[in-house]
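As structure tokens, the structure follows; a few thoughts come after it.
The values are calculated or read from the model by the stated rules, or taken from the named source; none is laboratory data. In this text the structure is predicted, and so the values were computed from the model without any measurement. Cβ placement follows ideal geometry from the backbone for every residue including glycine, while neighbour counts extend to all protein chains displayed.
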Amino acid sequence: MIFSLLLISVLTAPRAPADAEVVVLVPKLDQSTQLLPFFTAAGSRSPLLRPEAWRSSAHPLIDVDVTSKEALALVGIDSASSLTASRLGDASIACVTVSEVDRYRKAADAKLARLGEVFEKVEGGVSVYASRDPLGRVLAAYVLHGKESCAISGHGRSVETQFSLLSKLVTKSAAGPGFGLAAKLPGVVQIIGPSGAQHGVVSLNAKGLTLTADAKSKGLPLAKLAGGGVSPLGAFSVPGMAVFRARVAKTQVPSMVEQAVRNFPGSATLLPLAREAAGYFTGNAAVLISHAKVTTGLRTREARFFAVRSVLIAEVTDPVAVEAMLIRLDPKTLVFREGTLTVTLVGSMLVVANDAEVRQRAVTALATAAGKQAHGVEFEVDPKLVARGLQQVPLLEAVQAPELAGLVAAGTELGPLLLASDKVTGFIDSAAGGQHSARLVWQLDAAKFTADAGVP
């Protein structure tokens, strides 16, 4: 009995090269349908997310809808088992469990025959099936070991040197710290960075029109957070594009202050003061990104900064000492053609703002901002306001500035979906040893997807 359970565990384990750049694991193919309501709806607004764009391309040799039990059965793939797809350089690899060997071989061999002359050989005690084209290249192959199979495509490059790798994959479970994290974070689909100093996993689950992405990582260059707890900004919330509440570990504050101030206009003036004041920050902070308002284009650093109306709030331990520092600051040095940056104290809160009206709304909200945070960082995003902000990126300037081209592309591809989304929320936490965990919840606006709802 115990041996049987161990055997089943081995046969359904993920299989991927140890040095794969990225691995996509579907632990049970027949559960992937849970993602369809969300991605079908999202894909109606963003073609990139349409299920048709990804569900038939998971296997290098067999074009099959991996979300359909019936379609998988027709090509001999076990829908109750896993699929592991990985990328290794120019090659894509997929491993599955076979339910009907004859059906599977017929489907795979049909693709091999289109690529060249089919041949069979034995590598490491495992049967290898491949084809050689007129130029002598082996563009694709697959191996079978019992009911386990791994297939590879070189996308125009020969994969003959990878036969031994395939033979090892089909007989051995994938190893690497990324898979260890994945085992602790169940998901209908898991995207894994399997190895290296920086590794992690993102697990996707969905219920109706709500997608949840949970992540765990180790080694990423992220700040250490203080975790959940009481904060004078723990309940801070103001309508806008996005609101972030953070409890940062005290040791991380100086470097984060330095990094933030370097992005401000007038940073040369502000940096000496910021470094002096860094020791007074508690690590409790909040950011309000209210809205976008492009008035002078986006060509300069100052124009981009003032185009996004925002406020940064941070708690200080000694308001009197910090006030004495601010007195030395000449406000005229923070006045620019595009706008004015203000740095003021409100009680024990340092308030840095680039818009007077947004600052006032944030300061008003401080009266009810105290509360308990459950996580180190918590955030709320209004996707509709984000979409409207992306619409303001000048197309002509994006042609001249590559860094703006990505915003235009995001607005074109994701804008309609963002306008049809209700909200995006999430959190980030950190743990010992450079580990971080996070969650993002994306909820579509059901009213936008009713039978008579038009595209906004």
Residue 228 passes all but one of (1) closer than 24 Å to residue 203 by Cβ; (2) under 19 Å from the mean Cα position of the chain (by Cα); which number fails? (2)
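Taking the condition surrounded by 18 or more Cβ atoms within 10 Å (Cβ to Cβ), free of Cβ contacts under 8 Å to residues at least 40 places away in the same chain and over 16 Å from the mean Cα position of the chain (by Cα), does residue 197 pass?
On the way: surrounded by 18 or more Cβ atoms within 10 Å (Cβ to Cβ): no; free of Cβ contacts under 8 Å to residues at least 40 places away in the same chain: yes; over 16 Å from the mean Cα position of the chain (by Cα): yes.
Criteria not met by residue 197.
Would a scan of the stretch 365-382 turn up a residue that is without any contact (Cβ under 8 Å) to a residue 60 or more places away in the chain, of a type in the set (D, E, K, R), under 18 Å from residue 310 (Cα atoms) and crowded, with 19+ Cβ neighbours inside 10 Å?
At the first step, the residues of the stretch 365-382 found to be without any contact (Cβ under 8 Å) to a residue 60 or more places away in the chain are 367.
Restricting the remaining residues to those that are of a type in the set (D, E, K, R) gives none.
Scanning the stretch 365-382, I find no residue that is without any contact (Cβ under 8 Å) to a residue 60 or more places away in the chain, of a type in the set (D, E, K, R), under 18 Å from residue 310 (Cα atoms) and crowded, with 19+ Cβ neighbours inside 10 Å, so the answer is no.
Does any residue of the stretch 176-190 turn out to be in contact with a helix residue (DSSP H, G or I) (Cβ under 7 Å, 6 or more places away or on another chain), under 25 Å from residue 277 (Cβ atoms) and surrounded by fewer than 21 Cβ atoms within 10 Å (Cβ to Cβ)? Break it down into steps so the answer makes sense when it comes.
Restricting attention to the stretch 176-190, the residues satisfying the condition of being in contact with a helix residue (DSSP H, G or I) (Cβ under 7 Å, 6 or more places away or on another chain) are 188-190.
With under 25 Å from residue 277 (Cβ atoms) added as a condition, the list becomes none.
Checked against the condition, which is being in contact with a helix residue (DSSP H, G or I) (Cβ under 7 Å, 6 or more places away or on another chain), under 25 Å from residue 277 (Cβ atoms) and surrounded by fewer than 21 Cβ atoms within 10 Å (Cβ to Cβ), the stretch 176-190 yields no hits at all.
What are the residues in the stretch 77-101 that are of a type in the set (D, E, K, R) and either assigned to a strand (DSSP E or B) or outside the structural domain of residue 192 (by TED's automatic domain parsing) (or both), if any? Outline the logic, then answer.
In the first step, residues of the stretch 77-101 are kept if they are of a type in the set (D, E, K, R); the result is 78, 87, 90, 100.
Within the stretch 77-101, 87 is the sole residue that qualifies.
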Failed item in (1) of a type in the set (Asp, Glu); (2) part of a helix (DSSP H, G or I); (3) at pLDDT 95 or above, with residue 403 passing the rest: (3)
Would you be able to say whether some residue in the stretch 53-63 is modelled with pLDDT of 90 or more, surrounded by fewer than 17 Cβ atoms within 10 Å (Cβ to Cβ) and not hydroxyl-bearing (Ser, Thr, Tyr)? yes
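Which one of these is in contact (Cβ under 8 Å) with a residue 12 or more places away in the chain and under 18 Å from residue 389 (Cβ atoms): 313, 289?
Step by step, each of 313, 289 is checked, and only 289 is in contact (Cβ under 8 Å) with a residue 12 or more places away in the chain and under 18 Å from residue 389 (Cβ atoms).
Residues are listed down the side, and each one gets a yes or a no for (1) touching a Lys or Arg at 6+ places or on another chain (Cβ under 8 Å); (2) surrounded by 18 or more Cβ atoms within 10 Å (Cβ to Cβ); (3) of a type in the set (A, V, I, L, M):
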site: 247; (1), (2), (3): no, yes, no
site: 251; (1), (2), (3): yes, no, no
site: 255; (1), (2), (3): no, no, no
site: 267; (1), (2), (3): no, no, no
site: 280; (1), (2), (3): no, yes, no
site: 286; (1), (2), (3): yes, yes, yes
site: 293; (1), (2), (3): yes, no, no
site: 296; (1), (2), (3): yes, no, no
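Output the number of residues of the stretch 41-67 satisfying the condition of being under 14 Å from residue 211 (Cβ atoms) and within 19 Å of the chain's Cα centre (by Cα).
Of all residues in the stretch 41-67, those under 14 Å from residue 211 (Cβ atoms) come to 41-43, 45-46, 49, 51.
Checking the rest, the ones that are also within 19 Å of the chain's Cα centre (by Cα) come to 42-43, 46, 49, 51.
Qualifying residue count for the region: 5.
Residue by residue, here is whether (1) among the small types (Gly, Ala, Ser); (2) within 30 Å of residue 306 (Cα to Cα) holds:
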{"position": "179", "(1), (2)": "no, no"}
{"position": "193", "(1), (2)": "yes, no"}
{"position": "202", "(1), (2)": "no, no"}
{"position": "209", "(1), (2)": "no, no"}
{"position": "225", "(1), (2)": "no, yes"}
{"position": "231", "(1), (2)": "yes, yes"}
{"position": "255", "(1), (2)": "yes, yes"}
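Return the residues of the stretch 147-168 that are in contact (Cβ under 8 Å) with a residue 24 or more places away in the chain, among the small types (Gly, Ala, Ser) and farther than 10 Å from residue 95 by Cα; say none if nothing qualifies. Steps first, answer last, please.
The first filter runs over the stretch 147-168 and keeps only residues in contact (Cβ under 8 Å) with a residue 24 or more places away in the chain, leaving 147-157, 159-160, 162-168.
So of that shortlist, the ones also among the small types (Gly, Ala, Ser) come out as 149, 151, 153-154, 156, 164, 167.
Correct list: 153, 154, 156, 164, 167.
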With respect to residue 145, determine if the residue is exposed (fewer than 15 other Cβ atoms within 10 Å of the Cβ) and not charged (D, E, K, R). no
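Can you tell me how many residues within the stretch 214-235 are aliphatic (A, V, I, L, M) and either at positive phi or surrounded by 18 or more Cβ atoms within 10 Å (Cβ to Cβ) (or both)? Give the steps one after another, and end with the answer.
If we filter the stretch 214-235 for residues that are aliphatic (A, V, I, L, M), which is where we start, we get 215, 220, 222-223, 225-226, 230, 233, 235.
Next, only the ones that are either at positive phi or surrounded by 18 or more Cβ atoms within 10 Å (Cβ to Cβ) (or both) stay: 215, 223, 225-226, 233.
Looking only at that region, the number is 5.
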Out of the stretch 298-319, which residues are modelled with pLDDT under 95 and in a loop (DSSP other than H, G, I, E, B)? 298, 299, 300
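Could we say that residue 355 is crowded, with 16+ Cβ neighbours inside 10 Å and modelled with pLDDT of 95 or more here? Talk me through it step by step, then tell me what you get.
On the way: crowded, with 16+ Cβ neighbours inside 10 Å: yes; modelled with pLDDT of 95 or more: yes.
Considered against the rule, which asks whether it is crowded, with 16+ Cβ neighbours inside 10 Å and modelled with pLDDT of 95 or more, residue 355 comes out as yes.
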Of the conditions (1) touching a Cys at 6+ places or on another chain (Cβ under 9 Å); (2) surrounded by fewer than 21 Cβ atoms within 10 Å (Cβ to Cβ); (3) without any contact (Cβ under 8 Å) to a residue 60 or more places away in the chain, residue 82 fails just one. Which one is it? (3)
Answer with yes or no whether residue 322 is within 24 Å of residue 282 (Cβ to Cβ), in contact with a helix residue (DSSP H, G or I) (Cβ under 8 Å, 6 or more places away or on another chain), assigned to a strand (DSSP E or B) and modelled with pLDDT of 95 or more. no
